[in-house]
Amino acid sequence: MSAQAEPALLYSEEEDALRAAVRDLLTDHCDPADVITRTESASPHDVSLWKSLAGPMGLAGLLVPEELGGQGATHREAAVVLEELGRAVAPVPYLTSAVVATEALLACGADDLLTEVASATSVAVLAVSLHVAPGGPVPGVRLEGDALHGELTGIADAAAADVLLVPADDGGLYAVRATDATVTPQTSLDITRPLARVTLEAAPGRRLGDSAPAVRRALRSGAGLLASEQLGLADWLLTETVRYLKERKQFNRQVGGFQALKHRLARLWLEVAGLRAAARNAADALTTGADTDVAVAVAQAYAAQVAVRAAEEALQLHGGIGMTWEHPVHLYLKRAKADSIAYGAAGTHRSALADLAGLPKP
């Protein structure tokens with residue numbers, strides 16, 4: 001049965017097989033200790049891992065049509081990949097390139113660039129600040145003659161980009177080669193998804209199409225599928241915390257056997273189950289086009305608080321070891337915190353949901 005025919009909240013056999021393949025690769029090539037080491041280096045992106053995901057597995061072109069060299073898959077499959085990348089806090093530009101930038105390129109019909117992305121010869125990044133929500137105000141650079149001038153900040157994964165998709169003040173979206181821009185790292189809480197400032201000084205750009213619809217489509221998909229990444233984070237944190245509490249002993253008893261901790265874990269399990277439903281529904285809505293705006297707003301209104309709470313609970317319940325730099329829980333806390341404002345904070349999505357439902361804003 002195809003993924004499209006599956007009930008919204010269930011996984012198809014193909015999706016389960018995809019999950020297993022991605023998890024196996026990440027288990028072999030994305031060890032938490034290596035991710036921690038990489039965050040302390042000058043190159044936080046794992047280029048080797050990205051090549052393995054994007055090349056042999058073809059994940060860079062998952063949403064690209066087959067006639068352009070992609071997989072012709074749906075947002076449901078992309079969501080499964082993001083769940084696994086979230087579980088590993090993988091430092092790769094999948095969400096920014098294979099989802100957000102790809103959606104913008106699809107909206108503009110930029111077939112040549114889509115082929116580059118699908119073949120993993122180029123990483124494309126939408127030059128819009130990571131915090132901007134779907135439908136939110138998007139800063140643009142100045143177009144003077146045939147050249148672009150200006151500065152854009154908070155651009156996620158810009159350091160890994162070969163092509164930047166830049167909104168301009170004439171209402172167009174322009175493709176700019178990264179070699180024609182100056183990319184300066186900015187301080188980022190989540191080093192596994194670093195931010196940068198992009199400066200353009202008379203940079204040549206190619207107009208791809210109208211910026212507003214392309215950017216809105218891209219950010220909506222980014223927000224909807226970010227919930228799957230947040231699900232992966234929360235699920236790993238819950239699973240790892242339960243495992244640790246079964247091993248840790250206090251007063252010659254398993255800590256996980258204490259009633260108070262059982263209640264906290266049970267509550268967190270219920271919240272993660274709710275997040276799974278919301279994330280799966282958003283992915284299915286992006287695939288089918290049914291009530292997409294509502295599904296994305298619901299997912300993002302709920303996802304951030306669950307992922308952050310799962311990280312905070314994991315940090316506390318791991319005790320002293322959770323406070324050490326050597327344990328990976330801090331990577332998940334930082335990603336969860338950063339994700340909580342990516343593509344719009346929860347309050348922004350609650351307001352959007354209220355508008356869609358015709359209710360007073362919260």
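The values are calculated or read from the model by the stated rules, or taken from the named source; none is laboratory data. Nothing here was measured: the structure is a model prediction, and the numbers come from that model. Ideal geometry is used to build each Cβ from the backbone, glycine not excepted, and the neighbour counts take in all protein chains shown. Note: accessible area is taken over every heavy atom of the protein model, side chains too, but ligands, DNA and RNA are not part of it. Shrake-Rupley method; radii C 1.70, N 1.55, O 1.52, S 1.80 Å.
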| field | Pair list, Cβ under 6 Å, 6 or more apart: region 1-23 residue at pLDDT below 80, other residue in a loop (DSSP other than H, G, I, E, B) and surrounded by 11 or more Cβ atoms within 10 Å (Cβ to Cβ) | value | ALA3/SER12; ALA3/THR74; GLU6/SER12
| request: Run down ASP180, ASP146 and say which single residue is surrounded by fewer than 22 Cβ atoms within 10 Å (Cβ to Cβ) and within 22 Å of ALA120 (Cα to Cα). | output: ASP180
| field | Verdict on TYR302 being among the hydroxyl-bearing types (Ser, Thr, Tyr), outside any helix (DSSP H, G or I) and either closer than 26 Å to ASP157 by Cβ or open to solvent by 20 Å² or more (accessible area, probe 1.4 Å) (or both) | value | no
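Out of everything in region 134-143 that is closer than 20 Å to GLN186 by Cα and without any contact (Cβ under 8 Å) to a residue 60 or more places away in the chain, what residue ends up being least open to solvent (accessible area, probe 1.4 Å)? First the steps, then the outcome.
Pass one, region 134-143, residues closer than 20 Å to GLN186 by Cα: 138-141.
Checking the rest, the ones that are also without any contact (Cβ under 8 Å) to a residue 60 or more places away in the chain come to 139, 141.
On the way: PRO139: 74, VAL141: 4 Å².
Checked region 134-143; the qualifying residue least open to solvent (accessible area, probe 1.4 Å) is VAL141.
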| request: Would you be able to tell me the number of residues in region 93-133 that are open to solvent by less than 10 Å² (accessible area, probe 1.4 Å), part of a loop (DSSP other than H, G, I, E, B) and either without any contact (Cβ under 8 Å) to a residue 24 or more places away in the chain or under 30 Å from HIS327 (Cα atoms) (or both)? | output: 1
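Look through region 54-68, keep the residues that are modelled with pLDDT under 95 and more than 21 Å from TYR11 (Cα to Cα), and return whichever of them is nearest to the chain's Cα centre (by Cα). If you could, list the steps in order and put the result at the bottom.
Just the residues of region 54-68 that are modelled with pLDDT under 95, to begin with: 54-58.
Narrowing the set further to residues that are more than 21 Å from TYR11 (Cα to Cα) leaves 54-56.
Details: ALA54: 16, GLY55: 19, PRO56: 21 Å.
Filtering region 54-68 for residues that are modelled with pLDDT under 95 and more than 21 Å from TYR11 (Cα to Cα), the one nearest to the chain's Cα centre (by Cα) comes out as ALA54.
Could you tell me whether GLU83 is modelled with pLDDT of 95 or more, more than 17 Å from LEU165 (Cβ to Cβ) and more than 14 Å from the chain's Cα centre (by Cα)?
Working: modelled with pLDDT of 95 or more: yes; more than 17 Å from LEU165 (Cβ to Cβ): yes; more than 14 Å from the chain's Cα centre (by Cα): no.
Here the answer is no, as GLU83 does not meet what is asked.
Confirm whether GLU313 is part of a loop (DSSP other than H, G, I, E, B) and not polar (S, T, N, Q).
On the way: part of a loop (DSSP other than H, G, I, E, B): no; not polar (S, T, N, Q): yes.
Judged against the criteria, GLU313 is not a match.
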